[in-house]
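Worksheet for the structure shown next.
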Amino acid sequence: MKNLSLIMLFTIAWNLPLPAADLPRSQPEAQGVDSAALLAFVCAADKKLDSLHSLMVVRHGNVIAEGWWAPYHSRAPHSLFSLSKSFTSTAIGIAIAEGKLNLDDEVLKFFPEEAPAQPSAHLKAMRISDLLRMSTGHDSEPPRTSGQSWVKSFLAHPVPFKPGTHFLYNTSATYICSAIVQKATGQTLLEYLKPRLFEPLGIDHPTWEKSPQGISTGGYGLSVRTEDIAKFGQLYLQKGKWNGKQLVSEAWIDAATARQTSNGSNPKSDWDQGYGYQFWRCRNGAYRGDGAFGQYCIVLPEQDTVIAITSGLKDMQAVLNLVWESLPPAMHTGTLPPNEMAVKQLDKTLKGLSLTMPEGTSPASKSVGRKFEFPENNRKLESVALKKIGEEGAMAIVARFAGKEQEIICGLGKWAQSQSVWDKTEIQIIAAAGAWTSPDTYTAKICFRETPFVQTFQFQFVGDELKLDVESNVGFGSTKQPTLTGKLSFLSP
């Protein structure tokens, strides 16, 4: 069911006035793109991929299609995960242009106080260029733990291969790039890039996570809007020039997006086409920055096109396969005749996008209003009760965590917005929807709206017990949590 009440949040507008910092809008045919083919791509993505969160297609510098799957929307930032690496690479390129760094600088030069007493020959030989192209010589990724300096852990990690000879995707290497920028400039990566990249591009309020040592994490942790991703890709497509000013040198753009190291030979895999300086080479002459669970900045120089996508999905190759199958064939060198019918249908489809929601009814249930208490558990969940809200079938999940009670509103057939610390340590912006999927089972989806993560909660009431199952759409480990069983509290009203 689509969330009609939030349609205006998910826009595709050809002629609406926009802030000067945003990209111009255009109808697809005016930029040589078939609207019907774009529509087919969006419909296929909505049906086959579970699930995209946002999409923006830019041709010749103009946005020709944009949509957000409710409850995601255009103004909300989204966690980029490893797409952050491409921004870190850009900071290195700018610092080199400013004379603060050199591509061939040895890594140990910046951290003499944290180096091992007797560094190995391979560690001594490691350079910034090796960090950038994921060829540090490691055979496993150095750990990043709260108990020790991340730089010190990196430098203490064995380096069995000669740097430059062995590819290993290595987020800790990107963190060291961030630490080097901070050493060389006296500013965090975020502080350094604000006046040099973010502000010129009109990227407002970017945030970047920090290590326990106060250094931007570099390899992940950046959060910006979908349009900000598109602007970043457009900057690279324009060889570093923005509004007549060279923000990043053309030489750096060319080097960063070129094949700097080999990483495989599978012609069908977009992860085997070579690696640049924190950018992946793609099939079809393209390159990209990408992050876990489907965060993409795809640049197609031959088509003069940028595609920005945020997602929460497991199969990242499936997204790229669909892009290659659908979009390049729809792009032509000249303009196309107007196709108002296809434009209207595309507009309608993009405005009605939504993540799937639980479907069912909202029956009166003896379980509503009763509190169930849980034995001590590592999630620190103490009790749960369901409460009916209003007359439209909405429910509230009233949960007590670590001595603090919170309430999450779940819309019926629509997303309800709120804030939560459910199963988290910090407050997060969420949206939730739920339904009675059987007479004794209430199913809720809770979307952590600025991240890829959506959790499905199943509350099954069996007599005086509540069985709670929680499963995430994606994760770095197991996505399903152990079942918790709560007992009815006879003190509840």
Practice task
Among S146, S51, S249, rank each residue by its count of other Cβ atoms within 10 Å, from fewest to most, as a rough exposure measure.
Solution key: S146, S249, S51
Practice task
Please list, or write none, the aspartates and glutamates whose alpha carbon is within less than 16 Å of the alpha carbon of K124, excluding same-chain residues fewer than 8 places away.
Solution key: D104, D105, E106, E113, E114
Completion exercise
In degrees, nearest 10, the alpha-carbon axis of helix 84-97 is tilted away from the dominant principal axis of the alpha carbons of the chain by 30 degrees
Handout entry: Inter-label distance, nm, simple model (7 Å from Cα along the C-beta direction), K380/S146
Key = 1.0 nm
Handout entry: Ranked H166, H205, criterion: other C-beta atoms within 10 Å, fewest first
Key = H205, H166
Completion exercise
the chain: longest segment with zero exposed GluC sites (Glu not before Pro), where exposed means DSSP loop plus at most 13 other C-beta atoms within 10 Å, is residues 99-358
Practice task
Please tell me which of these pairs span more than 32 angstrom C-alpha to C-alpha: K183/K404; K414/K467; K210/K445; K85/K380; K85/K348?
Solution key: K183/K404; K85/K380; K85/K348
Practice task
Determine the gain in length on full extension of the stretch K387-F161; use 0.36 nm per residue of separation and subtract their C-alpha separation, reporting nm with one decimal.
Solution key: 75.4 nm
Completion exercise
Ranked from fewest to most other Cβ atoms within 10 Å of their own Cβ, V398, V42 fall in the order V398, V42
Exercise for the section: With label points built 7 Å along Cα→Cβ from the Cα atoms of E325 and D139, find their separation and express it in nm. Expected result: 4.0 nm
Practice task
Using just the helices of the chain, give the 222 nm mean residue ellipticity in deg cm²/dmol: DSSP H runs with n ≥ 4 each add -39,500 (n - 2.57), and the total is spread over all residues, rounded to 500.
Solution key: -6500 deg cm²/dmol
Practice task
Can you bin the chain into rounded, prolate or oblate? Criterion: square roots of the alpha carbon gyration tensor eigenvalues sorted a ≥ b ≥ c, rounded for a/c under 1.5, prolate for a/b above b/c, oblate for the rest.
Solution key: oblate
Exercise for the section: Quick one: which residues, 5+ away or cross-chain, put their amide H under 5 Å from the amide H of L381? H built at 1.01 Å from N. Expected result: none
Handout entry: Gain on full stretching of the segment that runs from Q118 to S262 - 0.36 nm per residue minus C-alpha separation
Key = 48.7 nm
Exercise for the section: Compute the length gained on full extension between N339 and A40: take 0.36 nm times their separation in residues and subtract their Cα-Cα distance, giving the result in nm to one decimal. Expected result: 106.2 nm
Practice task
Treat each spin label as a single point 7 Å out from the Cα along the C-beta direction, and report the K487 to E250 distance in nm.
Solution key: 7.5 nm
Exercise for the section: Convert each backbone phi in the stretch 219-235 into a coupling constant with the Karplus relation 6.51 cos²θ - 1.76 cosθ + 1.60 (shift: θ = phi - 60°), then list the ³J(HN,Hα) values in order as whole Hz, x for Gly and Pro. Expected result: x, 6, x, 7, 10, 9, 7, 4, 5, 5, 4, 4, 4, 4, x, 5, 4
Fill in the blank from the handout: Expressed to two decimals, the stretch 371-488 has a Cα Rg over Rh, using the Kirkwood radius, of 0.93
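Every number here is computed from the coordinates shown, using simple stated rules; none is lab data. Please read all numbers here as calculations on a predicted model, not as lab measurements. Cβ atoms come from the backbone with ideal geometry, glycine included; neighbour counts cover every protein chain shown.
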